[in-house]
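Only one structure is covered here, and it is reproduced in the block below.
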Amino acid sequence: MKTLKNFLCRHSTFVLLSPFVILFGVFIVIPVICAALLSFTRFDSISLPSFVGVQNYIAIFTKDSEFMQKILPNTIKYALLVGPGGYILSFLLAWILAQLTRWPRTFLAIIIYSPSLVGGVALSAVWGVLFSGDKLGYLNGVLLGMNIIDEPVQWLSAEYILPVMILVALWSGMGVGFLAMLSGIMNVNTELYEAAYIDGIKNRAQEVYYVTIPSIRPQMLFGAIMALVNTFSSSGTGVALTGSNPTPEYAGSLIVNHADDYGFLRYEMGYAAALSVVLLVIMWAFSRFAYKLFGEKD
């Protein structure tokens with residue numbers, strides 16, 4: 001017993017970190033390694049995998065016309081609008097709420113944060129009714145009543161599904177990144193603002209740029225990483241709204257949907273793993289860019 005106590009005292013840091021390290025290894029590192037290895041095989045989930053080298057990756061960029069013409073452009077458009085757009089919106093809302101008193105701030109923060117907890121079923125129930133393609137759809141009903149349109153618009157068709165997905169993603173994207181930035185802004189030392197005004201800052205915009213953002217750089221980095229992860233890993237919105245995977249004419253399908261299609265509908269697990277690795281590389285590149293912007297400077 002004494003020996004165990006001495007060991008725990010000497011290696012307390014490793015003991016405290018061990019649960020996280022074990023869980024991270026089991027649920028993150030090992031699955032990533034398995035996916036990377038599986039991406040070099042042809043595997044139908046029944047027979048044993050057969051090694052095919054880089055043929056899956058060659059097929060993605062040379063033979064998969066849906067990926068190059070629809071999936072990849074959709075993912076890039078979706079990521080560029082939802083990622084930076086949602087990130088900027090999170091910061092602006094956090095800054096506005098930080099100016100309020102405690103109870104209004106708490107109430108509004110709960111309202112803004114709660115949509116991020118909504119699942120795909122609730123998305124289809126709420127937004128599906130709003131964007132329904134008949135006269136009973138709320139949006140069509142309002143537009144028809146105002147004589148803006150002459151007949152109902154099929155909002156969930158291939159023509160409009162991607163903008164609808166972006167709107168829904170922005171609505172439900174105020175998650176933990178938003179809370180982190182709100183917490184960071186509220187904990188900025190007020191003496192920094194006083195010193196900044198003495199040094200010549202004249203308005204709130206300069207205050208935000210020269211004091212607030214540099215002071216909450218770790219929270220900004222965390223929010224950026226969370227925005228990137230949530231944006232690139234999101235897949236349920238288009239499927240929940242249209243009720244199919246792939247979405248009509250692949251107009252709302254993202255890389256995650258494409259991987260699900262090949263992995264769980266066509267049972268081409270090796271190809272789906274290769275798609276997942278491509279997505280992982282894209283996410284890593286964007287996360288490095290975010291770290292360059294908000295990480296610690298040398």
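The values are calculated or read from the model by the stated rules, or taken from the named source; none is laboratory data. Since the model is a prediction, treat every value here as computed from it, not as a measurement. Cβ: placed from backbone, ideal geometry, glycine included. Neighbour counts: every protein chain shown.
General observations
- Residue match in region 160-174 (condition: touching a residue at least 12 places away in the same chain (Cβ under 8 Å), surrounded by fewer than 18 Cβ atoms within 10 Å (Cβ to Cβ) and in a helix (DSSP H, G or I)): yes
- Residue in region 218-241 that is touching a residue at least 12 places away in the same chain (Cβ under 8 Å), among the polar types (S, T, N, Q), surrounded by fewer than 16 Cβ atoms within 10 Å (Cβ to Cβ) and part of a helix (DSSP H, G or I) present: yes
- Qualifying residue in region 27-44 (condition: more than 19 Å from Leu280 (Cβ to Cβ), modelled with pLDDT under 90 and surrounded by 11 or more Cβ atoms within 10 Å (Cβ to Cβ)): yes
- Any hit, region 56-63, residues being out of contact with any helix residue (DSSP H, G or I) (no Cβ under 7 Å at 6 or more places or on another chain), surrounded by fewer than 19 Cβ atoms within 10 Å (Cβ to Cβ) and either outside any helix (DSSP H, G or I) or among the polar types (S, T, N, Q) (or both): yes
- Boolean, Asn257 is within 22 Å of the chain's Cα centre (by Cα), surrounded by fewer than 20 Cβ atoms within 10 Å (Cβ to Cβ) and in contact (Cβ under 8 Å) with a residue 24 or more places away in the chain: no
- Within region 171-204, being more than 24 Å from Val82 (Cβ to Cβ) and within 28 Å of the chain's Cα centre (by Cα) holds for Met186, Asn187, Val188.
- Failed item in (1) in contact with a Leu (Cβ under 7 Å, 6 or more places away or on another chain); (2) assigned to a helix (DSSP H, G or I), with Ile198 passing the rest: (1)
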